[in-house]
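Encoded as structure tokens, the structure appears first; notes follow it.
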Amino acid sequence: MTNPASASVPLDRRKVWSWALYDWANSAFATTVMVAFFPVFYKSYLRGGVEDAVSSKELLIAISISGILIALSAPFLGAIADRGGAKKRLLAVFASLGVLTTALLGFSSPAFGLVALVVFVLANIGFSGANIFYDSLLPAVAPDEKSDSVSAFGFALGYLGGGVLFAVNVVMLSMHEKLGIEQETATKLSFLSVAAWWALFSIPLFKGVPEPEVSGGKVPMRDAARAGWLQLKQTLAHIMRVKNVFLFLIAYLLYIDGVNTVMKTATTIGTSIGIGAPDMMKAILMIQFIGFPAAIAFGYLGEKIGTRKGILIAIGVYGLIVIGASQLRENWHFYALAAGVGLVQGGVQSLSRSYFSRIIPAGKAGEFFGFYNMLGKFATVFGPILISLGLVIAGRAGLEGPDATRAAMPSLLILFVAGGVLLWKVRDPDAKPSPAEDGEAVA
């Protein structure tokens, strides 16, 4: 189903750049703070005096809490944004929360280690919450026929922006002695640099992207909040009735769970074969800078061969990656798999976002993207379970340690195959619908 609101939007390159630069801005948090620096900083410095198992558990619980909170509130927040015409306003609220709390991490100390963990939770909520409204602005920025390339452009700038600042921070951390500062001080300065980067490059979005018009006129925020609760039930019922959207969301939940699991287990697997921190940092940088041109290429690929086919290609590559992980024994194997992830991670994310923006009903972007983002936050559930089952089976087969982990990785194929099969059943939004499908799509 083509989104009429999106189809009527002419491509304005100034709006596209203004919108996409937010990905450049906030990806610095995902790369430097969330993935690379804060987990190590927390375990080695903020909670260095406690057992490693305890600090690891605290960190995992904190990440889970932030994910659950934003996942549960995402559809409600999206509904408020739609009814109240407040996408940019709520984006500003959550982005400001993320920027301020990230800056506060730059002043953390071991005396307040658990307080810093709470601040990190708030920063995660700010980052994820803002993304709900950022994603929901896509239909107002790009017409349907350009949504693939525009979405991919945003992800590409995110990879580049996050990679550039991460590289600067890695250099600063590695040269902290020559700079005359402690390693912890260099890490804190990295957190402050992320906050400043995020704030600075968010400005173009707020100045260059107008708030989308609300179908039927917007209502006051208090009334929008009250209506939001009622609209949640209606949205869920609507999703259940629109077969195309429902099938896509189930497919997305499965294959993105596999994608997220690969990313979150990569360092564990790398560590198990003796890859050190410097090589891990290099691998993260590799993913960022390969991801930049690859995401753009996938955007054009989606326009040439079809968005769904582009997603399926990325899913297929992920299948090869998890098979390859079963043979991971040398450092160059790890780098090869990291390169593969860089080639397709941005593609599967950007094309999924643009595909979803084209099949949702007009005027429902906020609430529908609320559910989309909710699934994305919950989508690291099935993968760890499958790997755990794989480890049990491997153990019964006499495998232990790294060998058992390698043998368990192909279990993720279940998610990629199941997600790909369901995605294939989703009707392409560019295809001419049958009368029955057309009626179903607007039910």
ask   = Ranked highest first by the average count of other Cβ atoms within 10 Å around their residues, in what order do 166-173, 305-312 fall?
value = 305-312, 166-173
query = Taking the alpha-carbon centroid of each part, what is the distance from segment 323-342 to segment 146-171 in angstrom?
reply = 23
ask   = Taking R0 as 22 Å, what's the FRET efficiency between residue 241 and residue 428 from their Cβ-Cβ distance, rounded to 0.05?
value = 0.65
note = With R₀ set to 56 angstrom, the calculated FRET efficiency between the beta-carbons of residue 392 and residue 92, to the nearest 0.05, is 0.75
remark   = Here the gain from full extension of residue 179 to residue 286, 0.36 nm per residue of separation minus their alpha-carbon distance, amounts to 36.0 nm
note = Once residue 332 and residue 399 are pulled to full extension, the length gained, defined as 0.36 nm per residue separation minus their Cα-Cα distance, is 21.8 nm
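Read-outs: derived from the displayed coordinates by stated rules, not from any lab. Please read all numbers here as calculations on a predicted model, not as lab measurements. Don't worry about glycine lacking a Cβ; one is built from the backbone with ideal geometry, like all the others, and counts go over all protein chains shown.
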